[in-house]
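Worksheet: one structure, shown below.
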Amino acid sequence: MDNIYFKWIFVINLKLKIMKKPKVKLTGTDGNVFALLGRCVDVLKKAKLRNEAKELQAKVFKSHSYEEALGLMSDYCEVS
């Protein structure tokens with residue numbers, strides 16, 4: 001399972017490297033993972049990346065830890 005996960009992350013990273021990742025500022029935001037996810041989803045939608053926003057949301061909801069969720073967000077957005 002882990003091998004499949006890392007292959008998926010590699011494919012997503014390649015896809016997002018081809019298209020520029022939108023920047024999202026998470027400093028000053030409530031540390032709640034859902035508040036952070038909301039910020040990332042909003043930025044992706046504004047960048048006309050609706051499918052990626054849906055993918056990110058689904059992956060974060062399935063994540064097993066706060067750190068995994070943050071890692072997924074940084075895969076889709078340039079986090080500062």
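The values are calculated or read from the model by the stated rules, or taken from the named source; none is laboratory data. Because the structure is a prediction, the values reported are computed rather than measured. Glycine also receives a Cβ, built like all others from the backbone with ideal geometry; neighbour counts cover every protein chain displayed.
Contact map, region 39-67: residues that are under 19 Å from LEU26 (Cα atoms) paired with residues that are in a helix (DSSP H, G or I) and of a type in the set (Lys, Arg), Cβ distance under 8 Å, separation 6+ or inter-chain. Pairs shown: LEU44/ARG50; ALA53/LYS45. Out of (1) closer than 20 Å to THR27 by Cβ; (2) touching a Leu at 6+ places or on another chain (Cβ under 9 Å), what's the single condition that is false for GLY71? Unmet for GLY71, out of (1) closer than 20 Å to THR27 by Cβ; (2) touching a Leu at 6+ places or on another chain (Cβ under 9 Å): (2). Residues of region 28-38 that are out of contact with any Lys or Arg (no Cβ under 8 Å at 6 or more places or on another chain) and either more than 14 Å from SER74 (Cβ to Cβ) or without any contact (Cβ under 8 Å) to a residue 12 or more places away in the chain (or both): GLY28, ASP30, GLY31, ASN32, PHE34, ALA35, GLY38.
Can TYR66 be described as hydroxyl-bearing (Ser, Thr, Tyr), surrounded by fewer than 17 Cβ atoms within 10 Å (Cβ to Cβ) and either at positive phi or at pLDDT 90 or above (or both)? Yes: the conditions hold for TYR66.
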